Amino acid sequence: MKLEQIRERGIYTLAQNRTEVFDNLIKDTIISGTGTPINGNPAVLKRANKKVITNALILAMIDITKENNEIEWKKRYWNTFHCQTTLVSLKDRYYTDYCKNRWCATCSGIRKAYLLNKYYPIISTWEEPHHITLTLKSVKADKLNKRIKEMIKAFSKIIDRCNKRNRRGKGMKIKCVKSLESNYNATKKWYNPHYHIITPNRVMGVYLKQEWKKEWNKNDYLASESAQKVQKIDNNEKGLIEVIKYGAKILSDPDPKHKKKRKKGDMTGLNIYANALHTIYKAMDKHRLYGSIGFKLPKEEKEEVAFKMVSDFETWKYKPKQMDWVNTENENCLTDYEIDSYLDYILKTCINKELH
């Protein structure tokens, strides 16, 4: 409860007994929103799994910030480590606070669901949506920040140029959904930032690809034909998920030959390169990764967040050793989560903090 709210309720007075004040604070708490269902909800177990993965990765990146003396980034990572640390449950629903950071698996998942609901109604009306990948030659860590800024500027320049032609009756108006992400090549220690784009048809996708190559190959050959992809989307929802799924790929294969032979779902030999992820998150900081161009989304009705004081609630605290939220009164576990043996192996042995 905030100090201002305590004052409004008349609790913060010199005349009142301190024990009574403390008892009132324990009995009451403030919740907001609609909460998340608990019983029979598979999403709760998934969040326990995401919490385990996020915490392991975050602790590795906190160690990196300590080595680099990056105080602000250390604070931001600790903020994510404490994301959803305390839950309040009431009538089979739980309420909590979220860090809303890109490197939090749970918050990224919530953001993905929001964007999917936001863009899918538009994309589902497009006659022949295509998935476009636009990329450049990879760069080393010290050049990644500059490359991302250049790519954002270049893409904006291309859109402006195409739309100016359209106004003169010489070309098409660009419509698309775009996202920016980056991969890491552990063998060569290169970073590959690239755009994922969905266009309404193949013609517009090819048009964007041509303009991208023209923009980057003026003075140097940075955008090869083979690296740019234009593919038809057979499932609109899966295509959109491919665009908005992440800003940085968490699992990387140090052996490119094995990567080509890997079957779907096979995680053998994969590593988590914490230092590389930290480099990517820093380079993408303060940049908008997702967006739409050339069309307007329906106006969203702003829902006022309702706050209410409740007293009949249970409190759960996250215990990293138990990998679960534990009831503060009876020691019951919220999800009874048990980590998969292979995931446990990856998190204990495959998080790599080496410099690049």
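Points to keep in mind about this one:
- Total residues in segment 327-356 satisfying the condition of being surrounded by 16 or more Cβ atoms within 10 Å (Cβ to Cβ) and either more than 17 Å from residue 277 (Cβ to Cβ) or without any contact (Cβ under 8 Å) to a residue 12 or more places away in the chain (or both): the figure is 3.
- Checking residue 175 against (1) closer than 23 Å to residue 201 by Cα; (2) of a type in the set (Lys, Arg); (3) crowded, with 17+ Cβ neighbours inside 10 Å, the condition it does not meet: (3)
- For segment 181-218, taking the residues that are outside any helix (DSSP H, G or I), among the charged types (D, E, K, R) and closer than 30 Å to residue 102 by Cα, the one that is modelled with the highest pLDDT is identified as 181.
- Members of segment 306-331 found to be under 23 Å from the mean Cα position of the chain (by Cα) and assigned to a loop (DSSP other than H, G, I, E, B), listed by number: 320, 323
- Considering each residue of segment 170-188 in turn, at least one proves to be without any contact (Cβ under 8 Å) to a residue 24 or more places away in the chain and in the same structural domain as residue 281 (by TED's automatic domain parsing).
- Check on residue 50, in a helix (DSSP H, G or I), of a type outside the set (A, V, I, L, M, F, W, C) and out of contact with any helix residue (DSSP H, G or I) (no Cβ under 7 Å at 6 or more places or on another chain): no
- Test result for residue 223, in contact with a Lys or Arg (Cβ under 6 Å, 6 or more places away or on another chain) and either of a type in the set (S, T, N, Q) or not in a helix (DSSP H, G or I) (or both): yes
- Exactly one residue out of 313, 295 is in contact with a strand residue (DSSP E or B) (Cβ under 7 Å, 6 or more places away or on another chain) and aromatic (Phe, Trp, Tyr): that is 313.
- Taking the numbered list (1) surrounded by fewer than 14 Cβ atoms within 10 Å (Cβ to Cβ); (2) over 30 Å from residue 309 (Cβ atoms); (3) at pLDDT below 95 in turn, residue 149 passes all entries but (3).
- Once segment 79-128 is narrowed to residues that are free of Cβ contacts under 8 Å to residues at least 40 places away in the same chain and more than 21 Å from the chain's Cα centre (by Cα), the residue that is nearest to residue 308 (Cα to Cα) is 91.
- Residue that is nearest to residue 245 (Cα to Cα), among those in segment 62-121 that are in the same structural domain as residue 238 (by TED's automatic domain parsing) and in contact with a strand residue (DSSP E or B) (Cβ under 7 Å, 6 or more places away or on another chain): 115
Residues checked against (1) of a type outside the set (D, E, K, R); (2) modelled with pLDDT of 60 or more; (3) within 21 Å of residue 348 (Cβ to Cβ):
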{"site": "16", "(1), (2), (3)": "yes, no, no"}
{"site": "23", "(1), (2), (3)": "no, no, no"}
{"site": "30", "(1), (2), (3)": "yes, yes, no"}
{"site": "49", "(1), (2), (3)": "yes, yes, yes"}
{"site": "72", "(1), (2), (3)": "no, yes, no"}
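- Residue in segment 137-147 that is farther than 17 Å from residue 227 by Cβ and part of a loop (DSSP other than H, G, I, E, B) present: yes
The values are calculated or read from the model by the stated rules, or taken from the named source; none is laboratory data. The shown structure was predicted, so the numbers you read here are calculated from the model rather than taken from an experiment. Virtual Cβ from ideal backbone geometry, glycine too; neighbours counted across all protein chains shown.
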